[in-house]
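Novice: Just passing along the structure, written as structure tokens.
Each value in this text was obtained by applying a stated rule to the coordinates, not by laboratory testing. Quick caveat: nothing in here was measured; it's all calculated off a predicted structure. Quick reminder, even Gly has a Cβ in these numbers, built from the backbone with ideal geometry, and neighbours come from all protein chains shown.
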Amino acid sequence: MEKKQSKIGLITRFMPRAWPWFLVTILGSAMLTLCETVMPQIVSVTVDSVIGNAPFSLPEWMTGLLGGTQILEGLRGKLGLMAAVVILVAGLSFLFRYLQRVASARGAERYVKNMRDTLFAHIQRLPFSWHSENRTGDIIQRCTSDVETVRNFVTGQLLEVFSVLFHIVISLSFMYSMNGKIAFAATLFMPVVFLYSAYFQKKISDRFTEADEAEGVMSTVAQENLTGVRVVRAFGRERYEKDKFEEKNTNFSKLWIKLGYLLSWFWAMGDAVSMIQVLTVIVLGVTESVKGGITAGQFIAFVSYTSMLAWRVRYLGRMVSEMSKAGVSLSRLNYILGSEEEHDRPVTKAADMSGDIVFDHVSFGYNADTEILHDVSFRIPGGSTFAILGGTGSGKSTVMHLLNRLYDIPQGCGHISIGGVDIADMKADELREGIGMVLQEPFLFSRTIRENIAIAREDASLDDVRAAAADACLDDSVNEFAAGYDTMVGERGVTLSGGQKQRAAIARMLVKKTPIMVFDDSLSAVDTETDAKIREALARHMSGATVILIAHRVTTLMSADCILVMDDGRVAEIGTHEELMKKNGIYRHVYDIQMAGAKEAMDE
């Protein structure tokens, strides 16, 4: 279920810490606009009344602000003083522009920081199923490229709208005060810009959506290639991966070229309308000047104001195109922020994590069309060692995903309880705090071995880390490295062997000392001797904890207190090693095959 905000609501959501700076930006824009629009009036008065003999013609508010007509009359012939006024206004323009840029930059950084923090925090709280359905590269692209697009729109276009509106209002007021006919002719071109901008807006939005999604696909290909570099090199797939990336990159480039063609038409039309507007004002201005309708200074002012208006109105058209792109990015960000977070029930219960674990008629599927588990029921006594055996796709890992509430059981599809409390009634954080898991594919961060092991427990000392590593049969291997536990393991643990990565993941779980420990086929990359040593260490140091072993290797499971055999998502057999051997079923069949294979290997 998604709870999406409107695009305006999403924009304003991140304003609280940035709005004071944006307010300063708007005030700075207003003062800068005033300085810029006053300048043509100063030039007009200088040409007509300071150099020439025409009466001073300024708007009443400016005349009053400058002290009245008598003060203005005292400026006749004082060209140096007018030059000083021009320099003063230019200096104020510089000051207000600097203030505007600094405030805008500070506001932008606060705005985008708030957006990124909110996105990252929200992603951390999204359910595991959401991450399974969305590609990492696309998520990263949304949190980087799309965030930057929104930032550029808010700080580069949306805030600039205030400056544009200030320019339009003040410039038109000056123009209408000088000559209504010419001012009206200049105003007529503004609706034209809005109309053709509205026409292009939908087309630009559609093409930008295609290009943005193509960029997400390309980012995913690059991300998968970089994280899977060992597999790529091992199987000599460099050319295949290069061709695959080039295909996605070519498609991405073609879509941006198509967007570029559309934008070229958009901007070319904007330039044409702007030039026609300026040309119209010049022709009318010359005509009115010859007739005596306006003075030479007013004509210069009209040309200046028209140039200002042409650029600003054209900027409004640009804002429409940028709004199309920002709208797409906002929709993509809204998809993340609108995705429902993982939540607990209003009333939660605490459970004794050392109690029995019970699966009661559990059925589950990752989608509505396929059911992975079919009416699975079993009990794991607290403090015992419980083993699960089954072929690929039999549902072994799904059982553990449900136990850890990485996925929730649908209503009416059974229950899982720990210590008599349904895990759906527990806080997810407390549940996972009590369950240590070593997943089938161990993940290590690009940090030191010590940091990777201690990540599960912030207060873990080096002695704690070494003890956990020793139980995982990793300590000797680490001591062979020059930097010992300060050795950087590389991205995703790429510098370690498969067995070392698994043992590091096991040590990370052991250092946490949880009452429930799950080993999801996590001993598959270690040899039989190391496997036996790790299980011996677990039995020696982790007495009292409930240990769940999932494996394909029978020797890993045969000493467990109880063994569950799964087949096609169902409970096929359950019992001790001796009991299952007597049944002569799936477990006995697997045992005979593996023992025969081990004997043949020894004979060779």
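Novice: Dipole size in debye (nearest 20) for the stretch 7-338 around its Cα centre, Lys and Arg Cβ +1, Asp and Glu Cβ -1?
Specialist: Numbers: 34 positive and 25 negative charges, 121 e Å.
Computed charge dipole of the stretch 7-338: roughly 580 debye.
Novice: Now a separate question. Pull up the DSSP beta bridges for the chain and report the antiparallel fraction as a percent, rounded to 5. Spell out each step's value before the answer.
Specialist: Working: 19 of 38 bridges.
Around 50 percent of the beta bridges assigned by DSSP in the chain are antiparallel ones.
Novice: Is there a pair in 396/533; 396/582; 202/242; 78/181; 396/512 whose C-alpha atoms are over 27 Å apart, and which pairs would that be? Numbers along the way, then the final one.
Specialist: Values: 396/533 24 Å; 396/582 23 Å; 202/242 35 Å; 78/181 32 Å; 396/512 24 Å.
In this structure, 202/242; 78/181 exceed 27 Å between Cα atoms.
Novice: When a/c is below 1.5 the answer is rounded, else prolate if a/b is larger than b/c, else oblate, so apply that to the stretch 7-338 with a ≥ b ≥ c taken from the square roots of the Cα gyration tensor eigenvalues. Can you show the working numbers first?
Specialist: On the way: a/c = 3.28, a/b = 2.26, b/c = 1.45.
In terms of gyration-tensor shape, prolate.
Novice: Can I ask one more? Evaluate the relative contact order of the stretch 417-553 (contact order divided by residue number), counting alpha-carbon pairs under 8 angstrom at least 6 apart; express in whole percent.
Specialist: Values: 195 pairs, mean separation 45.0, N = 137.
Relative contact order for the stretch 417-553 comes out at 33 percent.
Novice: Using only the Cα atoms of the stretch 407-529, what do you get for the radius of gyration and for Dmax, in Å?
Specialist: 16.2, 56
Novice: Can you put 589, 131 in order, fewest other beta carbons within 10 Å first? Can you show the working numbers first?
Specialist: Values: 589 10, 131 13.
With the sparsest Cβ surroundings first, the list reads 589, 131.
Novice: If you don't mind, there's one more thing I want to ask. Can you give the relative contact order of the chain as a percent, counting alpha carbon pairs under 8 Å and 6+ residues apart? Can you show the working numbers first?
Specialist: Details: 845 pairs, mean separation 88.2, N = 604.
Taking the mean separation of contacting Cα pairs over the length of the chain, I get 15 percent.
Novice: Helix 19-45: angle to the longest alpha-carbon principal axis of the chain, degrees 0 to 90, nearest 10?
Specialist: 20 degrees
Novice: Right, here's the next one. How large is ³J(HN,Hα), in whole Hz, for each residue of the stretch 552-561 in order, when computed from phi with the Karplus curve 6.51 cos²θ - 1.76 cosθ + 1.60 and θ = phi - 60°, using x for Gly and Pro?
Specialist: 9, 7, 4, 5, 6, 9, 5, 8, 5, 5
Novice: Along the charge dipole of the chain, which of 330, 268, 205 sits closest to the positive end, that is, farthest toward it, with unit charges on the beta carbon of Lys, Arg, Asp and Glu (+1, +1, -1, -1)?
Specialist: Of the options given, the answer is 268.
Novice: While we're looking at this one, here's another question. So if I place +1 on the C-beta of Lys and Arg and -1 on the C-beta of Asp and Glu, and nothing else carries charge, what would the dipole magnitude of the chain be about its Cα centre? I want it in debye, nearest 20. All intermediate terms of the calculation are to be shown ahead of the outcome.
Specialist: Values: 62 positive and 70 negative charges, 626 e Å.
Using only the charged Cβ atoms, the result is roughly 3000 debye.
Novice: Continuing with the same structure: Per DSSP H run of at least 4 residues, take -39500 (n - 2.57); add these up for the chain, divide by its residues and hand me the 222 nm value, nearest 500 deg cm²/dmol. Let's see the in-between values first.
Specialist: Values: 23 runs with 371 residues, N = 604.
Per the formula, -20500 deg cm²/dmol.
Novice: Let me ask you something else. Can you give me the long-range amide H partners of residue 513? Hydrogens built in the peptide plane at 1.01 Å from N, cutoff under 5 Å, separation of 5 or more residues or another chain.
Specialist: Residues meeting the amide H criterion: none.
Novice: Could you calculate the contour length gain from residue 194 to residue 250, that is, 0.36 nm times the residue separation minus the distance between their Cα atoms, to one decimal place in nm? Each step should come with its number before you reach the end.
Specialist: On the way: separation 56, 0.36 × 56 = 20.16 nm, distance 3.40 nm.
Here the answer is 16.8 nm.
Novice: Let me ask something else about it. Residue-wise, which Karplus ³J(HN,Hα) couplings in Hz belong to the stretch 569-586, taking 6.51 cos²θ - 1.76 cosθ + 1.60, θ = phi - 60°, and x for glycine or proline?
Specialist: 3J(HN,Hα) across the stretch 569-586, in whole Hz: x, 10, 7, 8, 8, 8, x, 7, 4, 5, 5, 6, 5, 6, 6, 6, x, 4.
Novice: If the chain between residue 291 and residue 582 were fully stretched, how many nm would it gain, using 0.36 nm times the residue separation less the Cα-Cα distance?
Specialist: Working: separation 291, 0.36 × 291 = 104.76 nm, distance 11.68 nm.
Full extension of this stretch gives 93.1 nm more.
Novice: Just to check I understand the Karplus step: with θ = phi - 60° and J = 6.51 cos²θ - 1.76 cosθ + 1.60, what whole-Hz values come out for the stretch 326-340, glycine and proline as x?
Specialist: Whole-Hz 3J(HN,Hα) from phi for the stretch 326-340: 5, x, 5, 5, 5, 5, 5, 6, 5, 4, 6, 5, x, 5, 5.
Novice: Near the amide H of residue 567, under 5 Å away, which other amide H atoms are found, from residues 5 or more places off or on another chain, if H is placed in the peptide plane?
Specialist: It is 572, by chain and number.
Novice: Hey, what angle do you get for helix 498-510 against the long axis of the chain, alpha-carbon based, 0 to 90 degrees rounded to 10?
Specialist: 90 degrees
Novice: Under the rule of at least 5 residues apart or a separate chain, name every residue whose amide H is placed under 5 Å from the amide H of residue 518.
Specialist: Correct list: 436, 437, 438, 548.
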